[in-house]
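Student: If you scroll down you'll find the structure; I have some questions about it.
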Amino acid sequence: MARDADFIVTKETTIYSPVDGHKADLALRDRSSGAVWICDVTVTDPISSRDPDARKGRGYMAREQADKKISHYRNRAPYVGFFPLAVETYGCPCAEVPTFLKLLADTGARRLFNADPSSYQAAKLLHQFRQRWSVTLQRAQALAYLGKVNEASPAPHTPVGTPDADMAPGDCFAIAEPLGELV
């Protein structure tokens, strides 16, 4: 999304002394102003958390993780903008995520369409970026779920029926055993 908004994007960028050894997940540089923003992405699971406060409400753990990231980067990267992109596994983001998406959309509209941030193009870009964010989270959640299911089941799943060469179009499986009489 940031590249679509015409930012220069680098991943896993060292943002301060290499002795410290920490890298930010993303670094964005605005091509026109030269402004730099760094982003650190965190996905937290409120259900599996050991924190007793984790179940306080929707978005609580995302807010906690974002606050930790803000305090972590405050002194390490004082001359750049920072976005903690914290999200819960069920999709609830911290407050900085919509702000980040709006920054991308406004900058993209200004640069790509020479349009004002309150223009139709900016609103359309923001809508597209929100959709992409949502779909990306849904895909990641589905992959994580499938990974857990595959780890938990020792035997591969076998369907009840088997494909049959004489199946009619639209049929999925032939029944392996007769159903019996329905009462």
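The values are calculated or read from the model by the stated rules, or taken from the named source; none is laboratory data. Please read these numbers as outputs of a predicted model, since none were measured by experiment. For neighbour counting, all protein chains shown are included, and Cβ atoms are generated from backbone atoms with ideal geometry for every residue, glycine included. For accessibility, only protein heavy atoms count, side chains too; no ligands or nucleic acids. Shrake-Rupley method; radii C 1.70, N 1.55, O 1.52, S 1.80 Å.
Student: How do LYS56, LYS124, LYS69 stack up against each other in accessible area, from largest to smallest, with a 1.4 angstrom probe? Show your work: numbers first, answer last.
Tutor: Numbers: LYS56 135, LYS124 95, LYS69 45 Å².
Ranked list, largest accessible area first: LYS56, LYS124, LYS69.
Student: For the range 57-135, what log10 I(q)/I(0) values come out of the Debye formula at q = 0.10 1/Å, with one point per alpha carbon and no solvent?
Tutor: At q = 0.10 Å⁻¹ the computed log10 ratios are -0.30.
Student: When a/c reaches 1.5 or more, the comparison of a/b and b/c decides; with that in mind, is the range 1-136 rounded, prolate or oblate per its Cα gyration tensor? Present the calculation step by step, with values, prior to reporting the outcome.
Tutor: Numbers: a/c = 2.48, a/b = 1.28, b/c = 1.93.
Because a/c hits 1.5 or more and a/b fails to exceed b/c, the range 1-136 counts as oblate.
Student: Using DSSP to define loop residues, name the chymotrypsin sites (Phe, Trp or Tyr not before Pro) in the range 71-105 whose beta-carbon has at most 14 other beta-carbon atoms within 10 Å.
Tutor: TYR79, TYR90
Student: Another question, then. Longer than 28 Å from Cα to Cα, which of LYS23/LYS102; LYS56/LYS124; LYS68/LYS102; LYS68/LYS124 are they? Say none if no pair is. Display every interim value, and only then the final one.
Tutor: Values: LYS23/LYS102 24 Å; LYS56/LYS124 34 Å; LYS68/LYS102 23 Å; LYS68/LYS124 32 Å.
The answer is LYS56/LYS124; LYS68/LYS124.
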